[in-house]
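Asks: Below you will find the structure I want to go over with you.
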Amino acid sequence: MKNVEVTPGMFSSATVRPSLKTPITLVAAAMVVIVFFGFLGKPGDISFVWSDKREALQLPPFIVNSMFFCTIVGALLLMIGLLSIALSIRGSRTPVWLIAIYSLGAMMALLGWLATEATQGVQMIFILSNTLVLAIPLIFGGMAGIMSERVGVVNIAIEGQLLTGAFVSAIVGSMTKNLYVGLIAAMIAAALLSTVLASLAIKYLVEQIIIGVLLNVLVIGVTNFLYSAWVDDDSINLNFPGTFEKLPIPLLSEIPVLGQVLFNNRITVYLMFILVPLLWYVLFRTKLGLRARAVGEHPLAADTVGINVARTRFWWVTIGGAVAGLGGAALTIGNVGSFGREMSAGLGFIALAVVILGRWQPIYVTLGALLFGFTIILKVWANQVSPGIPVDFITMVPYLVTLVAVAGFAGRVKPPAASGQPYVKG
């Protein structure tokens with residue numbers, strides 16, 4: 001049989017002509033900001049505080065009228081929405097970086113509206129740093145989803161992998177008094193769970209979505225049982241690992257605003273800084289990544305040129321599970337300091353939405369995860385400023401953003417062509 005040359009352009013995710021769904025969503029949201037946050041907004045001033053007491057260089061707070069600020073921001077968002085419509089009419093897709101700028105503006109308008117006349121103002125260091133920390137599990141979960149779906153395996157079990165990593169890291173970290181051992185144990189445990197998904201999906205051709213759902217239910221049941229029957233009776237020795245110490249990077253951590261947000265963090269955050277660009281490079285700049293994408297787009301063609309489809313899928317899914325376990329560890333020893341029942345709380349499913357929103361690209365998925373991290377910290381912060389609306393409504397924001405983002409921003413981008421499809425050699 002004649003060999004077929006595999007080229008980088010052969011196995012990219014399929015796209016179709018962009019629709020007007022995303023531009024219409026952008027314009028509609030901009031009008032909401034202009035009308036309800038601007039013209040009908042709260043009278044009074046808002047104060048954006050950019051420094052805390054720990055910083056040597058203190059930046060002055062930015063104080064502005066709330067209605068004026070939200071109206072101006074809304075007008076800028078409307079301009080981006082109209083530009084998006086023009087791009088769609090010309091047959092071009094709205095760039096992800098433009099949507100990221102739009103999202104940033106919408107966040108600032110929402111913060112300003114909620115914090116009008118707030119005593120402490122908008123503490124930007126607190127908001128930004130916690131947005132990053134809370135996005136870490138989503139980012140690692142999203143990377144696991146990319147690694148699985150790029151080789152053609154749908155990973156619904158991210159929720160279970162995150163929960164497994166959270167549970168094992170807390171228990172092992174407590175028993176060994178070594179958080180790094182707990183971190184490694186979490187990755188191994190989640191990787192072993194992923195081998196179940198990989199084996200059943202690849203060798204036995206079981207429906208992948210069903211496997212993922214069952215694994216999620218299994219992990220929830222097992223962790224709840226062990227927590228009640230074992231951990232809860234001796235939580236001091238079994239569920240009190242603590243958290244990693246923050247490791248400020250010399251000089252960089254002294255940069256105003258960004259220093260405290262980016263360069264004064266725990267090891268789990270720094271690992272994210274390494275993993276995301278590394279995965280992007282491997283996927284799109286190496287032969288290993290090209291083979292993985294070939295398996296996810298056209299496994300028969302990949303098999304024809306000598307790529308072992310089953311082995312490639314197995315190892316990418318397994319290593320992806322280890323990455324998700326790292327995200328689970330970030331929930332406990334990287335943030336909270338102990339394990340709680342079902343503490344993943346749907347983050348695995350939000351990570352799946354982030355994968356779709358980010359179009360199976362590591363950098364874009366990271367930006368999407370940061371958006372959801374912001375919505376989570378928004379709920380915590382709103383309790384402190386008493387925004388005048390029911391806190392239960394703020395609690396719904398992460399899930400509402402999930403629906404709007406997937407329905408309005410994801411567009412008609414298609415996943416890897418062979419995603420979810422079993423492959424039988426010969």
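Asks: I want to confirm something. Restricting to the stretch 363-386 and keeping residues that are touching a Gly at 6+ places or on another chain (Cβ under 9 Å), of a type in the set (A, V, I, L, M) and crowded, with 22+ Cβ neighbours inside 10 Å, which single residue is farthest from GLY182 (Cα to Cα)?
Replies: Once the filter is applied, the top-ranked residue is VAL365.
Asks: How many of the residues making up the stretch 59-84 are touching a residue at least 60 places away in the same chain (Cβ under 8 Å) and not in a helix (DSSP H, G or I)?
Replies: From the stretch 59-84, those touching a residue at least 60 places away in the same chain (Cβ under 8 Å) are 59, 61, 84; that's our starting set.
Restricting the remaining residues to those that are not in a helix (DSSP H, G or I) gives 59, 61.
Number satisfying all stated conditions: 2.
Asks: Kindly provide the set of residues from the stretch 196-250 that are outside any loop (DSSP other than H, G, I, E, B) and among the acidic types (Asp, Glu), ordered by number. Give the steps one after another, and end with the answer.
Replies: Step one: of the stretch 196-250, the residues outside any loop (DSSP other than H, G, I, E, B) are 196-202, 208-238, 247-248.
The answer is ASP232, ASP233, ASP234.
Asks: Further, regarding this structure: If you check ILE255 against the conditions, is it surrounded by 15 or more Cβ atoms within 10 Å (Cβ to Cβ), at pLDDT below 95 and among the aliphatic types (A, V, I, L, M)? Spell out the reasoning first.
Replies: Numbers: surrounded by 15 or more Cβ atoms within 10 Å (Cβ to Cβ): yes; at pLDDT below 95: yes; among the aliphatic types (A, V, I, L, M): yes.
Judged against the criteria, ILE255 is a match.
Asks: Residues that are in contact with a helix residue (DSSP H, G or I) (Cβ under 7 Å, 6 or more places away or on another chain) and either within 21 Å of PRO299 (Cβ to Cβ) or not in a helix (DSSP H, G or I) (or both): does the stretch 120-135 have at least one?
Replies: yes
Asks: Can you confirm whether PRO95 is under 24 Å from PHE126 (Cα atoms) and surrounded by fewer than 21 Cβ atoms within 10 Å (Cβ to Cβ)? Walk me through it before giving the result.
Replies: Working: under 24 Å from PHE126 (Cα atoms): no; surrounded by fewer than 21 Cβ atoms within 10 Å (Cβ to Cβ): yes.
In short, no.
Asks: Still on this structure, please answer the following. Quickly run through the stretch 205-248 and pick out the residues that are surrounded by fewer than 17 Cβ atoms within 10 Å (Cβ to Cβ), more than 30 Å from PHE263 (Cβ to Cβ) and under 22 Å from the mean Cα position of the chain (by Cα).
Replies: Listed by number, the residues that qualify are ILE209, VAL213, VAL217, ILE220.
Asks: Scan the stretch 152-173 residue by residue and report those that are polar (S, T, N, Q) and at pLDDT 95 or above. Spell out how you get there, then give the answer.
Replies: First pass over the stretch 152-173, keeping only residues polar (S, T, N, Q): 155, 161, 164, 169.
Those that are polar (S, T, N, Q) and at pLDDT 95 or above: GLN161, THR164, SER169.
Asks: Within the stretch 166-177, is there a residue that is assigned to a loop (DSSP other than H, G, I, E, B), surrounded by fewer than 18 Cβ atoms within 10 Å (Cβ to Cβ), on the phi < 0 side of the Ramachandran plot and hydroxyl-bearing (Ser, Thr, Tyr)? Don't jump to the end; show me each part of the working.
Replies: Kept after step one, since they are assigned to a loop (DSSP other than H, G, I, E, B), are these residues of the stretch 166-177: 177.
In the following step, the residues that additionally are surrounded by fewer than 18 Cβ atoms within 10 Å (Cβ to Cβ) were identified as 177.
If we keep only those that are on the phi < 0 side of the Ramachandran plot too, we end up with none.
Scanning the stretch 166-177 turns up no residue that is assigned to a loop (DSSP other than H, G, I, E, B), surrounded by fewer than 18 Cβ atoms within 10 Å (Cβ to Cβ), on the phi < 0 side of the Ramachandran plot and hydroxyl-bearing (Ser, Thr, Tyr).
Asks: For the stretch 179-191, does any single residue satisfy the condition of being surrounded by 15 or more Cβ atoms within 10 Å (Cβ to Cβ) and among the hydroxyl-bearing types (Ser, Thr, Tyr)?
Replies: So far as the stretch 179-191 goes, no, none of its residues is surrounded by 15 or more Cβ atoms within 10 Å (Cβ to Cβ) and among the hydroxyl-bearing types (Ser, Thr, Tyr).
The values are calculated or read from the model by the stated rules, or taken from the named source; none is laboratory data. Keep in mind it's a predicted model, so treat the numbers as computed, not measured. Cβ atoms come from the backbone with ideal geometry, glycine included; neighbour counts cover every protein chain shown.
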